[in-house]
Amino acid sequence: MKIVMLGAPGAGKGTQAKKISEKYGIPHISTGDIFRANIKENTELGQKAKTYMDKGLLVPDELVVDLVVDRLAQDDAKKGYVLDGFPRTIPQAEALTDALAKIGEKMDYAINVEVPDENIVRRMSGRRACVACGGTYHIKYNPTKVEGKCDACGGDLILRDDDKPETVKQRLEVYHTQTQPLIDYYEKEGIMREVDGTVDLEDVFNAIIEILE
Ligand code: AP5
Ligand code: MG
């Protein structure tokens, strides 16, 4: 099963992708998490990506596409995967479709987690993210068992640098101009599905399971 998660920053793509990954035993591949891991390790890619991420802008397509195509070729991705944060532009989507076509495959589902902009800024300020595994929590809506520590791996939780309200507004603008057109793209491919992302996160997940089963 191959799934693309779509939705605005903070819509809950990461939260739901992680749950899908656990339920179906397929890897959760998040380009944002890959970049944050590279920033933490201070790699060349991380240094480049950070200059864009801190401003709420997209990292250029050429730094993203090969990275994902290589990741999808790894053994654990043979059974499928859930993509979170990729593709994010039409050229990325086309590159993905082409890379899959070359090996006789295609995406099965694109799931849009729909949340209006007004809800987003409020959600982001309470978000905490695990530096080690990318797990995402919320101080009110999805708290960890031990404060400041990831439930899944015990890693330290941080406030992301790009979750400041001004940066969130910029990310929303970038989302509407560059990423939202992907909804049309996957509608034309006939695999677009939508869920209401404003309800409780377990209810969002149940709606996704209904689509997948
Ligand atoms: P990325 O890490 O992908 O960030 P994003 O798309 O902005 O999305 P977020 O991770 O902020 O939100 P999410 O939808 O995963 O929500 P979450 O589950 O955490 O990208 C970061 C940056 O990297 C980009 O700005 C760009 O610069 C760069 N980048 C990455 N990929 C790229 C690409 N392909 N091309 C170019 N550049 C790229 O949930 C948010 C909060 O809400 C959490 O606290 C959560 O607990 C809470 N929550 C979730 N669901 C619910 C619910 N139902 N009710 C209440 N609270 C909820
Ligand atoms: Mg995320």
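The values are calculated or read from the model by the stated rules, or taken from the named source; none is laboratory data. Computed from a prediction, not measured in an experiment: that's the story for all the values here. FYI the Cβ positions are ideal-geometry reconstructions off the backbone, even for glycines, and counts take in every protein chain you see. For the accessible areas, the whole protein counts, side chains as well, though only heavy atoms, and no ligand, DNA or RNA atoms are used. Shrake-Rupley method; radii C 1.70, N 1.55, O 1.52, S 1.80 Å.
Being closer than 18 Å to Gly32 by Cα and either out of contact with any Pro (no Cβ under 9 Å at 6 or more places or on another chain) or charged (D, E, K, R) (or both): is that true of Thr43 here? Against the criterion (closer than 18 Å to Gly32 by Cα and either out of contact with any Pro (no Cβ under 9 Å at 6 or more places or on another chain) or charged (D, E, K, R) (or both)), Thr43 qualifies. Residue count for the range 9-23 under the criterion of being more than 7 Å from ligand 1 (Cβ to nearest atom) and out of contact with any strand residue (DSSP E or B) (no Cβ under 8 Å at 6 or more places or on another chain): the result is 3.
Checking each residue in the range 70-79 for being surrounded by fewer than 17 Cβ atoms within 10 Å (Cβ to Cβ), assigned to a helix (DSSP H, G or I) and either within 16 Å of the chain's Cα centre (by Cα) or away from ligand 1 (no atom under 16 Å from the Cβ) (or both) picks out Asp75, Asp76, Ala77.
Cβ-Cβ distances below 8 Å connect the following pairs, each with a first residue in the range 37-58 that is in contact (Cβ under 8 Å) with a residue 24 or more places away in the chain, a second residue that is of a type in the set (S, T, N, Q) and near ligand 1 (Cβ under 10 Å from one of its atoms), and a separation of six or more residues or different chains: Asp54/Thr167; Lys55/Thr167; Lys55/Gln170; Gly56/Thr167; Gly56/Gln170; Leu57/Gln170; Leu58/Thr89; Leu58/Gln178. From the list Arg171, Arg122, pick out the single residue that is among the basic types (Lys, Arg), at pLDDT 95 or above and in a helix (DSSP H, G or I). Only one candidate qualifies: Arg171.
Table: residues versus (1) closer than 14 Å to Ala11 by Cβ; (2) within 16 Å of ligand 2 (Cβ to nearest atom); (3) among the acidic types (Asp, Glu); (4) surrounded by 12 or more Cβ atoms within 10 Å (Cβ to Cβ).
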| site | (1), (2), (3), (4) |
| --- | --- |
| Glu166 | no, no, yes, no |
| Leu172 | yes, yes, no, yes |
| Tyr175 | yes, yes, no, yes |
| Gln178 | no, no, no, yes |
| Tyr186 | no, no, no, yes |
| Thr198 | yes, no, no, yes |
| Glu202 | no, no, yes, no |
| Leu212 | no, no, no, yes |
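Which one of these is hydrophobic (A, V, I, L, M, F, W, C), closer than 23 Å to Val113 by Cβ, modelled with pLDDT of 95 or more and away from ligand 1 (no atom under 11 Å from the Cβ): Val59, Val82? Only one candidate passes the filter, namely Val82.
Yes/no per residue for (1) away from ligand 2 (no atom under 15 Å from the Cβ); (2) open to solvent by 40 Å² or more (accessible area, probe 1.4 Å); (3) free of Cβ contacts under 8 Å to residues at least 24 places away in the same chain:
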| residue | (1), (2), (3) |
| --- | --- |
| Arg122 | yes, yes, yes |
| His138 | no, no, yes |
| Pro143 | yes, yes, yes |
| Gly148 | yes, no, yes |
| Asp156 | yes, yes, no |
| Leu159 | no, yes, no |
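For the range 130-168, taking the residues that are in a strand (DSSP E or B) and touching a Lys or Arg at 6+ places or on another chain (Cβ under 8 Å), the one that is farthest from Asp84 (Cα to Cα) is identified as Asp156.
Restricting attention to the range 46-56 and to residues that are open to solvent by 40 Å² or more (accessible area, probe 1.4 Å) and either more than 9 Å from ligand 1 (Cβ to nearest atom) or outside any loop (DSSP other than H, G, I, E, B) (or both), the residue that is nearest to Ala8 (Cα to Cα) turns out to be Tyr52. The set of residues from the range 104-119 being open to solvent by 60 Å² or more (accessible area, probe 1.4 Å) and part of a helix (DSSP H, G or I) comprises just one member, Glu118. Considering the range 19-33, the residues that are near ligand 2 (Cβ under 9 Å from one of its atoms) and assigned to a helix (DSSP H, G or I) include one that is least open to solvent (accessible area, probe 1.4 Å), namely Gly32. Residue check: Asp66 meets all listed conditions (1) touching a residue at least 12 places away in the same chain (Cβ under 8 Å); (2) under 26 Å from Thr97 (Cβ atoms) but one, namely (1).
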